[in-house]
Amino acid sequence: MSVRVVILGAGFGGLELSTLLSEALGEQLEVTLIDKSDAFIFGFSKLDVMFGRKVPDAVRLPYRNIVKPGVYFRQEAITAIDPEARRVTTTGGTYEADVLVIALGAEYDLHATPGLIEGGNEFYSVPGALQLRDVLPGFTRGRAIVGVTSTPFKCPPAPSEAALLLHDYLTARGVRGACEISLVMPFGIPIPPSPGASQALLNAFVERGIGFVPDRLVRGLDPERHVAILDDGSELPYDLFLGVPKHCVPAVVAASGMAVDGWIPVDPKTLKTRFPSVYAIGDVTSVGTPKAGVFAEGAARTVAAAIIAGVRGSASAAAYRGLGSCYIEFGEELVGRVDVEFLAGPPNGRFYDPSALLVEEKRHFGASRRARWFGISGPDPER
Ligand SMILES: Cc1cc2nc3c(=O)[nH]c(=O)nc-3n(C[C@H](O)[C@H](O)[C@H](O)COP(=O)(O)OP(=O)(O)OC[C@H]3O[C@@H](n4cnc5c(N)ncnc54)[C@H](O)[C@@H]3O)c2cc1C
């Protein structure tokens, strides 16, 4: 009988893991990949949608395109996880696993920030990005804040990217002079693991007149007075608030008892949880890397190697290193890149200056995943 691998979540981590297992072992494994959604959307596509650079249909990658030997995709909501028994209950049935991998990502708790729903916007979910696409055209004068409400949060460069792209958006519409942009970040510099990238971002903020408020979180909004309340009690007036909401594990993970202090703890070298033959990868863990797709992919590679070695009876896989390359939108149609390793001593991200070459490289990053995971070739749909 083939080994039954059940992967919960078809995001960056689950898609990469199922692809690697299929490539290496095909029908030797029975891989069940479960997600409640009918399509995958890259995190960075939310910025494209909110600024009207792409329509939602152009960024959706339907799971029905997954055709891989040994992989069975199920569009079902996971309602219970029993990590001791490696049993998973969904809206469609029950799955028993020899190897269980939790790749359910991070969700958002919009209620955790008072006033956010009533008086602000968030750009981290697809509905939030869609709403902003309709709100932004109405913003023609006043004060905009891009603000982080809680840590940890996905893709630490994303708030800086949003501020820079907002500058471009307002400039293109001829209203930048009537608008202020401030960025509230919980760090002293925009991307602490990369002083080079941080300095380049700080320079870009100065050049564009974007205010940088370091070491602060937005604790709440007072929609009546139009002020954002920061964690030191100070206030910033706003007319448009673009927030990064509080992150949390999906409710089914919280109910499973697997999370400790909010996230699933794993052995950082192996991604094993404390339950035998149960792994966790990506944003749902507290592995010690930022929450980003490239790190979820790297974790998937480590787990894939361990599962493949187990099936083949070969030597165990190399340890996870928390290595990744992150692309950073600098606006003005330029993209920079940071290469960083997190689990081998203090990270020191190497920064590559924004360039048109890196725009092309980022495009290739997306296109290569579309091809590998979904079998969709050809250029990225533009609109
Ligand atoms: C604005 C923005 C920009 C970003 N830019 C980048 C970038 O440039 N580079 C980068 O590497 N990362 C970027 N990210 C971060 C990246 O999107 C995430 O870190 C990444 O998707 C995490 O991968 P994951 O596999 O852990 O989880 P996810 O990709 O979030 O996948 C989790 C999956 O689990 C499913 N799921 C959850 N609960 C259930 C349930 N109960 N039942 C069934 N299915 C369920 C979800 O539907 C989802 O498909 C960005 C994020 C944002 C918000």
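The values are calculated or read from the model by the stated rules, or taken from the named source; none is laboratory data. On a predicted model such as this, the values are computed, not experimentally measured, just so you know. With ideal geometry, Cβ positions are generated from the backbone for all residues, glycine too; neighbour counts draw on all protein chains shown.
Listing for the model above:
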| quantity | calculated |
| --- | --- |
| Enumeration of residues in the range 36-80 that are of a type in the set (Val, Ile, Thr) and near the ligand (Cβ under 9 Å from one of its atoms) | Ile41, Ile78, Thr79 |
| Single residue of the range 78-91 satisfying the filter (surrounded by 14 or more Cβ atoms within 10 Å (Cβ to Cβ) and in a loop (DSSP other than H, G, I, E, B)) that is farthest from the chain's Cα centre (by Cα) | Arg86 |
| Output for the range 257-302, where each listed residue is within 12 Å of Val101 (Cα to Cα), of a type in the set (Phe, Trp, Tyr) and touching an Asp or Glu at 6+ places or on another chain (Cβ under 9 Å) | Phe275 |
| Selection within the range 272-292 - surrounded by fewer than 20 Cβ atoms within 10 Å (Cβ to Cβ) and among the hydroxyl-bearing types (Ser, Thr, Tyr) | Ser277, Ser286 |
| Members of the range 1-11 found to be out of contact with any Lys or Arg (no Cβ under 8 Å at 6 or more places or on another chain), crowded, with 21+ Cβ neighbours inside 10 Å and of a type in the set (A, V, I, L, M, F, W, C), listed by number | Val5, Ile7, Leu8, Ala10 |
| Residue identified as in contact with a Leu (Cβ under 6 Å, 6 or more places away or on another chain), within 12 Å of the ligand (Cβ to nearest atom) and either within 30 Å of Glu329 (Cβ to Cβ) or outside any loop (DSSP other than H, G, I, E, B) (or both) among Leu15, Leu33, Leu21, Leu104 | Leu104 |
| Filter result for the condition that a residue is assigned by TED's automatic domain parsing to the domain that holds Ser314, in contact with a strand residue (DSSP E or B) (Cβ under 8 Å, 6 or more places away or on another chain) and surrounded by fewer than 24 Cβ atoms within 10 Å (Cβ to Cβ), over Ala58, Ala24, Ala39 | Ala39 |
| Of all residues making up the range 131-153, the number that are loosely packed, with under 15 Cβ neighbours inside 10 Å and part of a helix (DSSP H, G or I) | 4 |
| Among residues of the range 231-253, those that are surrounded by 19 or more Cβ atoms within 10 Å (Cβ to Cβ), of a type in the set (A, V, I, L, M) and farther than 21 Å from Ala178 by Cα, counted | 4 |
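Yes/no per residue for (1) in contact with a strand residue (DSSP E or B) (Cβ under 9 Å, 6 or more places away or on another chain); (2) assigned by TED's automatic domain parsing to the domain that holds Leu201; (3) in contact (Cβ under 8 Å) with a residue 24 or more places away in the chain; (4) under 16 Å from Pro192 (Cα atoms):
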| site | (1), (2), (3), (4) |
| --- | --- |
| Ala292 | yes, no, yes, yes |
| Gly298 | yes, no, yes, no |
| Arg301 | no, no, yes, no |
| Val311 | yes, no, yes, no |
| Ser316 | no, no, no, no |
| Cys326 | yes, no, yes, yes |
| Glu332 | yes, no, yes, no |
| Asp339 | yes, no, no, yes |
| Pro347 | yes, no, yes, yes |
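Per-residue answers, yes or no, for (1) within 16 Å of the ligand (Cβ to nearest atom); (2) within 16 Å of Ala112 (Cβ to Cβ); (3) among the charged types (D, E, K, R); (4) outside any strand (DSSP E or B):
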position: Asp215; (1), (2), (3), (4): no, no, yes, yes
position: Glu224; (1), (2), (3), (4): no, no, yes, yes
position: Gly233; (1), (2), (3), (4): no, no, no, yes
position: Leu242; (1), (2), (3), (4): yes, no, no, no
position: His247; (1), (2), (3), (4): yes, yes, no, no
position: Val252; (1), (2), (3), (4): yes, no, no, yes
position: Ala255; (1), (2), (3), (4): yes, no, no, yes
